[in-house]
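Q: Let me begin by handing over the structure; questions about it come next.
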Amino acid sequence: MPNRGFPKSSRVTAKKEYQSIYQTGNKVVYRCVVLYFKPNQSDRVRLGISVSKKIGNAVVRNQQKRLLREVFRLNRHRYRPGYDLVCVARKPILKLNFEQLTEQLEKALTRAGLINL
C-alpha cells in the first residue's frame, strides 16, 4: 500500500517559495481555483494552498484548505513529479462537494499538463 501521508517535504511552506512560484511560474485559471505551477529540483510534487479572506471566516477558509489538501493527498500519485503547485481558492469553491472539487482540480491540472495519463 502506498504511503498516504502528507509530510512537510510535500508542502510549499516558505514565503519566498510562494513568491517565486507566483512570479516565475505558469498559471492556469479555472472556475474554482487558480493553479500556479513551477518545476522544482526534486522528484516529488509539492503543494501550497492560499485561501483569501474574501472566501469567508477562518473556519470556512481552513475547511477549504483541508478539502484541497485531501484531494491532493489522495491523488498525488497521478501528478507529474518535479513540480511545485500553489492552489488559490476562488469563491465558487464554496458550492462544491468533495467529488466535484476533485473533478475541478483534476481538470485544472490536466489543462496545465501535470497529470500522468
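Q: Looking at region 15-112, what strands (runs of 3 or more DSSP E) fall wholly within it and have at least 2 residues that are closer than 19 Å to G5 by Cα?
A: Working: elements: 26-29, 33-39, 46-50, 83-89.
Per the criteria, 46-50, 83-89.
Q: Could you tell me whether any residue of region 35-53 is within 20 Å of A112 (Cα to Cα), hydroxyl-bearing (S, T, Y), over 12 Å from the mean Cα position of the chain (by Cα) and modelled with pLDDT under 95? Break it down stepwise before answering.
A: So in region 35-53, the residues within 20 Å of A112 (Cα to Cα) come out as 35-50.
After this cut, where a residue has to be hydroxyl-bearing (S, T, Y) as well, the list is 36, 42, 50.
Of the ones still in play, those that are also over 12 Å from the mean Cα position of the chain (by Cα) are 42.
Now restrict to residues that are modelled with pLDDT under 95: 42.
Checked against the condition, which is being within 20 Å of A112 (Cα to Cα), hydroxyl-bearing (S, T, Y), over 12 Å from the mean Cα position of the chain (by Cα) and modelled with pLDDT under 95, region 35-53 yields at least one hit.
Q: Residues T110, T102: which one is within 14 Å of the chain's Cα centre (by Cα) and either surrounded by fewer than 13 Cβ atoms within 10 Å (Cβ to Cβ) or free of Cβ contacts under 8 Å to residues at least 24 places away in the same chain (or both)?
A: On the way: T102 fails: either surrounded by fewer than 13 Cβ atoms within 10 Å (Cβ to Cβ) or free of Cβ contacts under 8 Å to residues at least 24 places away in the same chain (or both).
Just one listed residue meets the conditions, T110.
Q: Given the criterion in contact (Cβ under 8 Å) with a residue 12 or more places away in the chain, in contact with a Pro (Cβ under 9 Å, 6 or more places away or on another chain), within 20 Å of T13 (Cα to Cα) and of a type outside the set (G, A, S), identify the matching residue among Y79, Y83.
A: None of the other options fit; the residue is Y83.
Q: Of all residues in region 1-60, how many are without any contact (Cβ under 8 Å) to a residue 60 or more places away in the chain and of a type in the set (F, W, Y)?
A: 1
To keep it simple, each residue is scored yes or no on (1) among the aliphatic types (A, V, I, L, M); (2) within 15 Å of I21 (Cβ to Cβ).
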{"site": "F37", "(1), (2)": "no, yes"}
{"site": "R78", "(1), (2)": "no, no"}
{"site": "P81", "(1), (2)": "no, no"}
{"site": "L85", "(1), (2)": "yes, yes"}
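Q: Kindly establish whether V71 is under 22 Å from K15 (Cβ atoms) and within 13 Å of the chain's Cα centre (by Cα). Can you show your working first?
A: Values: under 22 Å from K15 (Cβ atoms): no; within 13 Å of the chain's Cα centre (by Cα): yes.
No; evaluated as a whole, the condition is false for this residue.
Q: Can you pull out the residues in region 1-49 that are exposed (fewer than 11 other Cβ atoms within 10 Å of the Cβ) and touching a Pro at 6+ places or on another chain (Cβ under 6 Å)?
A: D43
The values are calculated or read from the model by the stated rules, or taken from the named source; none is laboratory data. Computed from a predicted structure; not experimentally measured. A quick note on method: Cβ atoms are made from the backbone with ideal geometry, for glycine too, and the neighbour counts reach across all protein chains shown.
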